[in-house]
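One structure is given here, and the rest of the page talks about it.
The values are calculated or read from the model by the stated rules, or taken from the named source; none is laboratory data. Values in this document were obtained by computation on a predicted structure and should not be read as measured data. A quick note on method: Cβ atoms are made from the backbone with ideal geometry, for glycine too, and the neighbour counts reach across all protein chains shown.
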Amino acid sequence: MKKLILLFGCLISLVISASAQYTHTFSDPVMDITSDVKSGTNAWKAMPGQCTLSTLSVGSDGLPWCVGTDQYVYSYAPSGWTKQTAMGTAVKSLAVQDGSSVYSLQSTTYCNGYPPNLGIFKWNGSSWVQPSSNSCLIQMSVGVDGFVAGVNSFNQLWYSTNGGSTWTSWSTGWRYVNMWVGGVGCAVNVGNNVYEVSSSNPAVSLGSPAAGLVGCASFPLDHGAVVTWNGAGAVYYNDDGAWHQVSGLVANKVAGSNKSSLYALNSSGYPYHLNFLAGALSELTSGIYTFQGMNPQVAQHTSTVHITFPHHVPGGGTVATERIPATGTMSNGSFDANPFCDPFIGIMSGDPECQSTTSVNEQCSEAGPIGQANQPARNISHARYRLSALANPWQESPKWDGSRWNIQVHIPVEFNCAFGNPTCIIEEVIIGSPRVMDLREMVSSANLPIAQGVANVLPSTGPWLFISAYIGTPPLCVKLSVVHDPVGGPCD
């Protein structure tokens, strides 16, 4: 399953009527905390397991792989790590496209003559095979479309479009490369700069946030986001033309196929997920409350709202209080979000970090308690869509925002199936019949030809899976992401 996530800013609220006339509105099952992460909030969610250093790879389905401390290969799913016993213990590093396309670097007699280079292998379902016995690399990456690239110890960058059988010299002067799609990715050169690279266009420098850069990862569908890290373990994130240090972890390696599937190993090999979409909750108490017999000249109404999680973002988890004349209009609310409540590596409702404490009540100075509310239930569900044959994809004109080119791509899709318990269907704007919807995705890049290249291949990567969170009863939903799912799944 191939996964490239694009965040949508949709929000819908669940309104609960109090016992009186004040209205309680709960919303925000998740909150985009990108700005908090860039400002220093620790959003690294610890995961189970331990990996051998520098072996982390993330497939296009957003799931991490690594070599365990027992030297066996492991793949991760929300249920935990799975030991790939058949893959043996010879793997030194991994490059994963998805569960059906896994590459590794291993020692070979030929490549041992050019240390520290290693031989290139691909898993055929039952054993490791060498697509090319005389090709050697020290680091490699595979894009979501199977485009493979790698760097050798001579700082030469090579690529292959046929699964590693033949290799083409790309450029020189590089120490690390990470591929995304269509021959587009990022790379770190020996001069300690990060670049957007393309097999068909000149590389574009994105600068350098620190000395000793080790590697990078790029996500054109997430506003052209790029991540890099250095030998001291500092991680940096750039989605606005500037580098921001990501606090909270001393990283040995970072990998990801999109912004929402960004993982890292710490200096001891323990895995973490960087959570940009924190579990959240907000409540607004509003309206006018009056009842017969109240003395409006004397009575005062006080609203108290307190939403809190075990951990908070800046400004969250505070008590909000408003006191007004009994005939006045109330507008009082509170919110909180927890960076360690992570909807992408577990079900929100099953993690103690996602359990909020809610206190919502109103008091009348003359009559005592006059209202309260409890938070609604929430969960995660999914709906899969596929490319429609009834309309053609199209693109808007490129726009420059001061740091990146942005191209909005319109892709007609149709509902395919849904799963999850219960199901919460998410739909885009209906543009035709029967129920053809307009899926809109923004491609961003510092280089216009690179952005255009990605935008051109984007419609061919469907079908798509919407991941949504909801509060209360579906279909009151908040859209989290769009997942590109060319392989398909249980509903296809």
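Quick look at the numbers
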read-out	value
Test: residue in region 304-326 that is more than 30 Å from L213 (Cα to Cα), surrounded by 16 or more Cβ atoms within 10 Å (Cβ to Cβ), aromatic (F, W, Y) and touching a helix residue (DSSP H, G or I) at 6+ places or on another chain (Cβ under 8 Å)	yes
Boolean, D61 is part of a loop (DSSP other than H, G, I, E, B), surrounded by fewer than 16 Cβ atoms within 10 Å (Cβ to Cβ) and charged (D, E, K, R)	no
Condition met for T108 (touching an Asp or Glu at 6+ places or on another chain (Cβ under 9 Å), more than 22 Å from V184 (Cβ to Cβ), outside any strand (DSSP E or B) and without any contact (Cβ under 8 Å) to a residue 60 or more places away in the chain)	no
Unmet requirement for G88, which otherwise passes all of (1) on the phi < 0 side of the Ramachandran plot; (2) modelled with pLDDT of 95 or more	(1)
Residue identified as in the same structural domain as N162 (by TED's automatic domain parsing) and more than 19 Å from the chain's Cα centre (by Cα) among S79, S100, S75	S100
Unmet requirement for A451, which otherwise passes all of (1) surrounded by fewer than 19 Cβ atoms within 10 Å (Cβ to Cβ); (2) within 23 Å of the chain's Cα centre (by Cα); (3) assigned to a helix (DSSP H, G or I)	(1)
Selected residue (criterion: nearest to S54 (Cα to Cα)) from residues of region 226-244 that are touching a residue at least 60 places away in the same chain (Cβ under 8 Å) and assigned to a strand (DSSP E or B)	Y237
Output for region 383-410, where each listed residue is aliphatic (A, V, I, L, M), at pLDDT below 95 and within 26 Å of the chain's Cα centre (by Cα)	A383, L387, V409
Strands (runs of 3 or more DSSP E) wholly inside region 142-182 containing at least 2 residues that are within 23 Å of V58 (Cα to Cα), of a type outside the set (D, E) and in contact with a Gly (Cβ under 6 Å, 6 or more places away or on another chain)	174-181
Members of region 374-384 that are under 16 Å from L476 (Cβ atoms) and either crowded, with 22+ Cβ neighbours inside 10 Å or touching a helix residue (DSSP H, G or I) at 6+ places or on another chain (Cβ under 7 Å) (or both)	R378, N379, I380, A383
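Condition check ((1) over 18 Å from V482 (Cα atoms); (2) part of a loop (DSSP other than H, G, I, E, B); (3) modelled with pLDDT of 85 or more) across all residues:
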site: I345; (1), (2), (3): no, yes, no
site: S349; (1), (2), (3): yes, no, no
site: V360; (1), (2), (3): yes, no, yes
site: P376; (1), (2), (3): yes, yes, no
site: S381; (1), (2), (3): no, no, no
site: E441; (1), (2), (3): no, no, yes
